[in-house]
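Student: Questions regarding the structure given below will be posed in turn.
Each value in this text was obtained by applying a stated rule to the coordinates, not by laboratory testing. In this text, all values refer to a predicted model and were calculated from it rather than measured experimentally. Here the Cβ is made from the backbone with ideal geometry for all residues, glycine too, and neighbour counts use every protein chain on show.
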Amino acid sequence: MSAPPLTFYVEQFTSVPVPPTGALLEGKNVIITGANTGLGFETALAFAKMSPRKLIMTARNMKAGAEALDMVLKGAPGAKVDVWELDLASYASIKSFAARVEKELGTVDLLMNNAGVNLGAVKEAQMTEDGHELGLQTNTFAPILITLSLLDCLRKSTSPRVVFTTSEVHAWTDGKGIAKTAKEGNVIKGLDAISPVAGFPRYMETKLLLQMSVRNLIQALPDITIIAVNPGLCKTSFGRHFGRSWTSPSHWGTMLWMTVIARTGEAGARNLIHAAVGDFESVEYFTCAEPAASPSTFMPKATGLAVIKQYWGELLEEMEKARPGCTKSLQSLYP
């Protein structure tokens, strides 16, 4: 893990402009994954006030989802909002969700791939029913599978847009662990095989893999606007899975960060909202309400470029296993 760069601290103290308001989503169908808490909830509340044709919030826990829906409707009375079940740790759940979208919505104008997981403390790897480490599947494979599963619905829109919630921490890992698995033959299999898993370093790796995926997805889907957004460090419940020890220096360091430099969830969500409704073309990295260059030092290197190519091939193979035919309309990127 690299130390957070100076830009991280500068951006944390940079005020994110208030997003535009009004009926900006009128006539549009919008989906936000992981919308029952944190950034997803704040974004859903803002979108509900923008007159969408239909706003779908997703939640893994439907009781929590229903409570979030009630709060959104109190903040935006009369808005056309619903909550649907979606578990990113299950390909079957993703495919079932996509089938429901096709049947009940037909068209998707805006897809917000926001849901994710940060498992925190070092622990034995938790494997999904699909055979992958939980963080790896939830943060990297699932957002891509949802996007590919909804391509037909997105392409029915006159201005389809997909927004991914990423993080600056993708640049805090030196990428050596990922490069090692690539050299050994397979990134996905290599990372799945590691146990125990150090939660935050793995989280950084998953965000790096997602950032790599978005770079290729932008080129493979030129007909769809794709934006990866860094909301910044925010005071949300996202870190609820962290193991906490009052005697741990890292605990007190985290508490200091959250107290002194973290943004509110509403402020972090502004980045997502700007990316969703602003006049932007596809952007590989979006932070402080504007396009920027990824701060990763791994991705531009020769090793990084080679891994990006290799992992893209592995990812497409994984997607085809999960949903045969879902990659057939992607433009070929590598010979």
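Student: Using a 7 Å offset from the Cα along the Cα-to-Cβ direction at both Leu333 and Asp152, what is the distance between the two label points in nm, to one decimal?
Tutor: About 2.5 nm, to one decimal.
Student: Thr21 versus Glu317, label points 7 Å from Cα toward the beta carbon: distance in nm?
Tutor: 5.2 nm
Student: In addition: Counting Lys and Arg as +1 and Asp and Glu as -1, each charge on the Cβ, what is the dipole of the chain about the Cα centre in debye, to the nearest 20? Could the numbers behind the result be given before it?
Tutor: On the way: 32 positive and 31 negative charges, 37 e Å.
In total the dipole reaches around 180 debye.
Student: Another question, if that's okay. Considering amide H positions built from the backbone, and no H for Pro or chain starts, which residues 5 or more places from Arg60, or on another chain, come under 5 Å of its amide H?
Tutor: When sequence neighbours closer than 5 places are left aside, the close amide H contacts are Leu86.
Student: Related question: How much of the DSSP beta bridge set in the chain is antiparallel, as a percent to the nearest 5? Can you show the working numbers first?
Tutor: On the way: 5 of 31 bridges.
Looking only at bridges with both residues in the chain, the antiparallel portion is about 15 percent.
Student: Counting only residues 5 or more places away or on other chains, whose amide H sits under 5 Å from the amide H of Thr166 once H atoms are built in the peptide plane?
Tutor: Placed amide hydrogens put Val229, Asn230 under 5 Å from Thr166.
Student: Give me the base-10 log of I(q)/I(0) for segment 1-149 at each q in 0.22 Å⁻¹, Debye formula, one uniform scatterer per Cα, rounded to two decimals.
Tutor: -1.34
Student: Something else: Using only alpha carbon pairs under 8 Å that are at least six residues apart, calculate the relative contact order of the chain and give it in whole percent. If you can, show how the numbers build up before the last one.
Tutor: Values: 624 pairs, mean separation 67.0, N = 335.
Dividing the mean separation by the residue count of the chain yields 20 percent.
Student: To continue, here is another question. Helix by helix through the chain, keep the DSSP H runs that span 24 Å or more along the axis on Cα and average at least 0.0 on Kyte-Doolittle, and give those back in order.
Tutor: Working: long enough: 199-220 (31 Å, 0.03); 302-322 (30 Å, -0.08).
Answer set is 199-220.
Student: Follow-up question, since we're still on this one. Could you please state, rounded to a whole Å, how far the C-alpha centre of segment 126-196 is from the C-alpha centre of segment 62-114?
Tutor: 21 Å
Student: Between Lys301 and Thr264, how many nm apart are label points set 7 Å from Cα along the C-beta direction?
Tutor: 4.1 nm
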